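For reference, the structure discussed in these notes is given below.
The values are calculated or read from the model by the stated rules, or taken from the named source; none is laboratory data. These numbers were taken from a predicted model, which means no experiment stands behind them. Here Cβ is always computed from backbone atoms with ideal geometry, including for glycine, and neighbour counts include all displayed protein chains. Note: areas computed on protein heavy atoms with side chains; ligands, DNA, RNA excluded. Shrake-Rupley method; radii C 1.70, N 1.55, O 1.52, S 1.80 Å.
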Amino acid sequence: MPAKPSKRRAASLKRFKVGDHVSWNSEAGRVSGRIIRVHTGDVNYKGYIHHASEDEPQYEIKSDKTDHVALHKGAVLRLIR
């Protein structure tokens, strides 16, 4: 019987697409927004290199309440239905 993926590995397998409504935890509490772009290669954003790949993309998300745009990996995101 194949081994189950670890919780960390299973969390990194979450896949989202442009337009998905997601939430994540920030210093200010729970934030929500819509995915506006999926990055599958390293991206320079606000002076930092964010590592991304086909297996572990970075999601560019625009906040629902402000014009703030953030980059996050799928492991920290929750899909809002």
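Here Arg30 fulfils each of the conditions (1) modelled with pLDDT under 95; (2) of a type outside the set (Phe, Trp, Tyr); (3) outside any strand (DSSP E or B) apart from (3).
Within segment 51-81, restricting attention to residues that are among the hydroxyl-bearing types (Ser, Thr, Tyr) and either in contact (Cβ under 8 Å) with a residue 40 or more places away in the chain or open to solvent by 70 Å² or more (accessible area, probe 1.4 Å) (or both), the residue that is nearest to Ile36 (Cα to Cα) is Tyr59. In segment 33-44 there is no residue that is in contact (Cβ under 8 Å) with a residue 40 or more places away in the chain, out of contact with any Lys or Arg (no Cβ under 8 Å at 6 or more places or on another chain), of a type in the set (Lys, Arg) and open to solvent by 80 Å² or more (accessible area, probe 1.4 Å).
Going by the structure shown, is Ala28 free of Cβ contacts under 8 Å to residues at least 24 places away in the same chain, out of contact with any helix residue (DSSP H, G or I) (no Cβ under 9 Å at 6 or more places or on another chain), of a type in the set (A, V, I, L, M, F, W, C) and surrounded by fewer than 11 Cβ atoms within 10 Å (Cβ to Cβ)? Taking the combined requirement at face value, the residue satisfies it.
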